[in-house]
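**Student:** Structure below; questions to follow.
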Amino acid sequence: MNKALRTSAFAMLALLAGCATTTGPPSPADPFEPWNRNMYEVHQVIDGHVVKPIAQAYVDYMPKPVQQTIRNFFGNIEDMFSAATSLMSGKLDQAGNDMGRVIVNSLFGIGGLIDVASDGAIPKTDWDFGLAFGTWGIPQGPYLFVPLIGPTTVRDGTGLAIRGYLGPVGYIPDVPARNVIYVIEGVDLRAQVLSTESVIDTAAIDRYTFIRRAYLQRRQYLLYEGKVPPEKEEQ
């Protein structure tokens, strides 16, 4: 489950995308649109009947301090990857902040369960492999919609696969324990975007187009740090 869905996530995407209320002409970024739309429909069925109800129950019944502790734990792991990918991108100050967050939260936040770094005003970056590859000049490639993962591109999806392979949870030898952690992370990520769905429903006639445009615009905004060249803007 990618950060693209958290956090990464649809609320900010919606604000940047504007009111995408019509399907419009085909997007050059989405050459596989018929397939992607089918995958989106598959996702809607699985999510609507299984994932979303679990995430809603998690939000409704899990104590808020426990939810925040879980979020902090996984956020600390993401900060480690953000430090590495920021370094890969040549963003040394950003990498230093990311690593500073990991050190502070790991040492003083009980292994990352408490976000001491944010209280200390150390900024959180959320840089990832897909963005790092973008700084290397690797094109984003076609847009893809993957059931249970959500919107991505070939570049971002490759970065997600690398992130998943290198993640520390994958090295836990106890398979049931490892799977439980994966499920908890996935449910927490899904819970973070529950409140955004009403925004999408209100703003968009075609949810698929809205989500695609929002995702691509957000990723371009992050890659170019808010200064997207006109020729790079998603159509």
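The values are calculated or read from the model by the stated rules, or taken from the named source; none is laboratory data. If you're wondering where the values come from, they're calculated on a predicted model, not measured in any experiment. Cβ: placed from backbone, ideal geometry, glycine included. Neighbour counts: every protein chain shown. We work out accessible area using only protein heavy atoms, side chains counted, and drop any ligands, DNA or RNA first. Shrake-Rupley method; radii C 1.70, N 1.55, O 1.52, S 1.80 Å.
**Student:** Being within 21 Å of G137 (Cβ to Cβ), of a type in the set (G, A, S), open to solvent by less than 60 Å² (accessible area, probe 1.4 Å) and part of a loop (DSSP other than H, G, I, E, B) is the requirement here; does G112 meet it? Even if it seems obvious, please write down each step before you answer.
**Tutor:** Working: within 21 Å of G137 (Cβ to Cβ): no; of a type in the set (G, A, S): yes; open to solvent by less than 60 Å² (accessible area, probe 1.4 Å): yes; part of a loop (DSSP other than H, G, I, E, B): yes.
Against the criterion (within 21 Å of G137 (Cβ to Cβ), of a type in the set (G, A, S), open to solvent by less than 60 Å² (accessible area, probe 1.4 Å) and part of a loop (DSSP other than H, G, I, E, B)), G112 does not qualify.
**Student:** Could you check segment 125-139 and list, in sequence order, the residues that are open to solvent by 30 Å² or more (accessible area, probe 1.4 Å) and either of a type in the set (G, A, S) or at pLDDT 95 or above (or both)?
**Tutor:** Filtering segment 125-139 for residues open to solvent by 30 Å² or more (accessible area, probe 1.4 Å) gives 125-126, 135-139.
T135, W136, G137, I138, P139 - these are the residues of segment 125-139 that are open to solvent by 30 Å² or more (accessible area, probe 1.4 Å) and either of a type in the set (G, A, S) or at pLDDT 95 or above (or both).
**Student:** Quick one: what pairs do we get from segment 181-200, first residue among the charged types (D, E, K, R), second modelled with pLDDT under 90 and not in a helix (DSSP H, G or I), C-beta under 8 Å, 6+ apart or different chains?
**Tutor:** E185/M1; R190/M1
**Student:** Let me ask something else about it. Quick one: would you say I103 is part of a helix (DSSP H, G or I) and surrounded by fewer than 21 Cβ atoms within 10 Å (Cβ to Cβ)?
**Tutor:** For I103, the condition - part of a helix (DSSP H, G or I) and surrounded by fewer than 21 Cβ atoms within 10 Å (Cβ to Cβ) - is met.
**Student:** If you don't mind, there's one more thing I want to ask. When you scan segment 115-124, how many residues do you find that are modelled with pLDDT under 95 and either assigned to a helix (DSSP H, G or I) or in contact with a Cys (Cβ under 8 Å, 6 or more places away or on another chain) (or both)?
**Tutor:** Here the count works out to 2.
**Student:** Tally up the residues in segment 144-171 that are at pLDDT below 95, over 18 Å from L131 (Cβ atoms) and open to solvent by less than 50 Å² (accessible area, probe 1.4 Å), please.
**Tutor:** Within segment 144-171, residues that are at pLDDT below 95, over 18 Å from L131 (Cβ atoms) and open to solvent by less than 50 Å² (accessible area, probe 1.4 Å) number 2.
**Student:** Now for a separate question. I need a count of the residues in segment 127-159 that are of a type in the set (G, A, S) and touching a Phe, Trp or Tyr at 6+ places or on another chain (Cβ under 7 Å). Before you say what the answer is, go through the steps one by one.
**Tutor:** Just the residues of segment 127-159 that are of a type in the set (G, A, S), to begin with: 130, 132, 134, 137, 141, 150, 157, 159.
Adding the requirement that they be touching a Phe, Trp or Tyr at 6+ places or on another chain (Cβ under 7 Å) leaves 159.
Here the count works out to 1.
**Student:** Count, please, the residues in segment 125-150 that happen to be under 14 Å from A83 (Cα atoms) and part of a strand (DSSP E or B).
**Tutor:** Filtering segment 125-150 down to residues under 14 Å from A83 (Cα atoms) leaves 125-132.
Then keep just the ones that are part of a strand (DSSP E or B); that gives none.
Here the count works out to 0.
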